[in-house]
């Protein structure tokens with residue numbers, strides 16, 4: 001499987017998880033103030049976690065798409081849960097606009113520098129495996145954990161709902 005196909009599938013599934021969690025927060029009438037909640041003082045609030053999920057996908061596309069994808073970088077956190085969900089929809093649409101075949105070969109070089117001046121150079125496959133996907137998961141887990149810490153009823157079934165397509169026996173989804 002091409003590394004980009006693997007990454008695109010992972011991002012699509014997990015953006016769906018983020019959207020489902022935010023939809024559940026909306027349905028629970030948890031309120032838009034939750035976007036300011038954070039796990040610890042030195043961590044980003046929920047709204048910023050949503051923005052960083054977009055950044056991770058956008059930066060992966062900008063660094064790995066051989067056709068040169070224009071990647072606007074938003075700097076404003078969503079103000080409402082509805083807007084947060086819209087941002088996730090926009091991220092999914094951006095991802096859907098690029099095919100894995102339009103990306104660099106797995107062994108082609110990718111180089112980037114973080115804002116604090118640390119630089120990295122690696123292959124496109126290494127970048128996706130060792131940077132883009134782990135960074136994405138970190139911020140997705142922060143989103144999930146913030147919503148749980150704010151009292152939203154989330155569990156494993158909310159984190160991996162796409163797994164039910166593979167279930168052969170066991171506990172029904174409604175009881176998981």
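The values are calculated or read from the model by the stated rules, or taken from the named source; none is laboratory data. Because the structure is predicted, anything quoted here is derived from the model rather than measured. Virtual Cβ from ideal backbone geometry, glycine too; neighbours counted across all protein chains shown.
The figures follow:
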item: Residue in the range 62-74 that is surrounded by fewer than 19 Cβ atoms within 10 Å (Cβ to Cβ), at pLDDT 90 or above and more than 18 Å from residue 20 (Cβ to Cβ) present; result: no
item: Those helices (runs of 4 or more DSSP H) lying entirely in the range 84-176 with at least 2 residues surrounded by fewer than 14 Cβ atoms within 10 Å (Cβ to Cβ) and at negative phi; result: 133-149
item: Only listed residue being in contact with a strand residue (DSSP E or B) (Cβ under 9 Å, 6 or more places away or on another chain), under 14 Å from residue 136 (Cα atoms) and not in a loop (DSSP other than H, G, I, E, B), chosen from 15, 61; result: 61
item: Failed condition for residue 20, given (1) over 10 Å from the mean Cα position of the chain (by Cα); (2) over 13 Å from residue 147 (Cβ atoms); result: (2)
item: In the range 22-33, residue farthest from residue 76 (Cα to Cα) [restricted to those that are in contact with a helix residue (DSSP H, G or I) (Cβ under 9 Å, 6 or more places away or on another chain), surrounded by fewer than 21 Cβ atoms within 10 Å (Cβ to Cβ) and at pLDDT 95 or above]; result: 24
item: Flag if residue 74 is in contact with a helix residue (DSSP H, G or I) (Cβ under 9 Å, 6 or more places away or on another chain) and either in a helix (DSSP H, G or I) or under 17 Å from residue 138 (Cα atoms) (or both); result: no
item: Some residue of the range 76-97 being over 24 Å from residue 150 (Cβ atoms) and touching a strand residue (DSSP E or B) at 6+ places or on another chain (Cβ under 8 Å); result: no
item: Contacts under 8 angstrom Cβ, first residue in the range 106-117 being without any contact (Cβ under 8 Å) to a residue 24 or more places away in the chain, partner assigned to a strand (DSSP E or B) and exposed (fewer than 10 other Cβ atoms within 10 Å of the Cβ), 6 or more apart; result: 111/119; 113/119
